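A short write-up of the structure that comes next.
The values are calculated or read from the model by the stated rules, or taken from the named source; none is laboratory data. Worth saying up front: this structure is predicted, and the values here are computed from it rather than measured. When we count neighbours, we look across all protein chains shown, and the Cβ atoms used for this are built from the backbone with ideal geometry, even at glycine.
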Amino acid sequence: MGFEVFYKPVHRDHPIVPETSAELIAAIEAMASAGNLACDFARIFYQDEEFVSALCVGADAVRGLGAVQFSSSVEDLYSQGDATSEHAVFYTEFGMTRFFPRDSEVPLDSVTAVLKGYFEAPGRRPTAIEWQQWEDNEE
């Protein structure tokens, strides 16, 4: 129980298990700065006796932007950014396209704040950014 991070194929069997918010942030920063366009999306799962949630993060260090999805048994929300992209916003998980709302990208500093909040209030929705509902109908 606790946190598990997945963004590389090897993580399917051996997830990253961060013990601090700094370790969680470092894992996502490593993914974002790797520049691997086939794997710029991470799933972070949290589970304890009472609660299960997931935080999905797409991040691009070159552009300095990322997008976040928070899911639990009671809500499924996406980050709300300040600008709307002319093109579909997507990141790639193991070669699979994962779409986000066109106005979901936020600065990586905001993504870092979300990660810290997710760790410090274990598995609960972070309050560092604005959130929005969205139906994935980009295809």
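Observations on the structure shown:
- Inside the range 29-54, residues that are over 15 Å from Thr92 (Cβ atoms) and not in a strand (DSSP E or B) make up a count of 7.
- Val68 meets the stated requirement of being under 12 Å from the mean Cα position of the chain (by Cα) and either surrounded by fewer than 14 Cβ atoms within 10 Å (Cβ to Cβ) or not basic (Lys, Arg) (or both).
- Just so you know, in the range 74-113 the residues that are hydroxyl-bearing (Ser, Thr, Tyr) and in contact with a strand residue (DSSP E or B) (Cβ under 8 Å, 6 or more places away or on another chain) include one that is surrounded by the most Cβ atoms within 10 Å (Cβ to Cβ), and it is Ser79.
- Condition check for Ser79: under 25 Å from Arg12 (Cβ atoms), at pLDDT 95 or above and hydroxyl-bearing (Ser, Thr, Tyr): no
- Residues in the range 41-57 that are over 14 Å from Val5 (Cβ atoms) and either in contact (Cβ under 8 Å) with a residue 60 or more places away in the chain or within 13 Å of the chain's Cα centre (by Cα) (or both): 3 in all.
- Across the range 1-35, the number of residues qualifying as within 17 Å of Gly64 (Cβ to Cβ) and not small (Gly, Ala, Ser) comes to 4.
- Residue that is farthest from Asn36 (Cα to Cα), among those in the range 68-99 that are out of contact with any helix residue (DSSP H, G or I) (no Cβ under 8 Å at 6 or more places or on another chain) and among the aliphatic types (A, V, I, L, M): Val74
- Residue list for the range 6-21, filter: assigned to a helix (DSSP H, G or I) and free of Cβ contacts under 8 Å to residues at least 60 places away in the same chain: Val10, His11, Arg12
- Criterion violated by Gly117 - all others in (1) of a type in the set (Gly, Ala, Ser); (2) closer than 25 Å to Lys8 by Cβ; (3) out of contact with any strand residue (DSSP E or B) (no Cβ under 8 Å at 6 or more places or on another chain); (4) in contact (Cβ under 8 Å) with a residue 12 or more places away in the chain satisfied: (4)
- Residue in the range 35-52 that is more than 19 Å from Pro18 (Cα to Cα), among the small types (Gly, Ala, Ser) and buried (at least 16 other Cβ atoms within 10 Å of the Cβ) present: no
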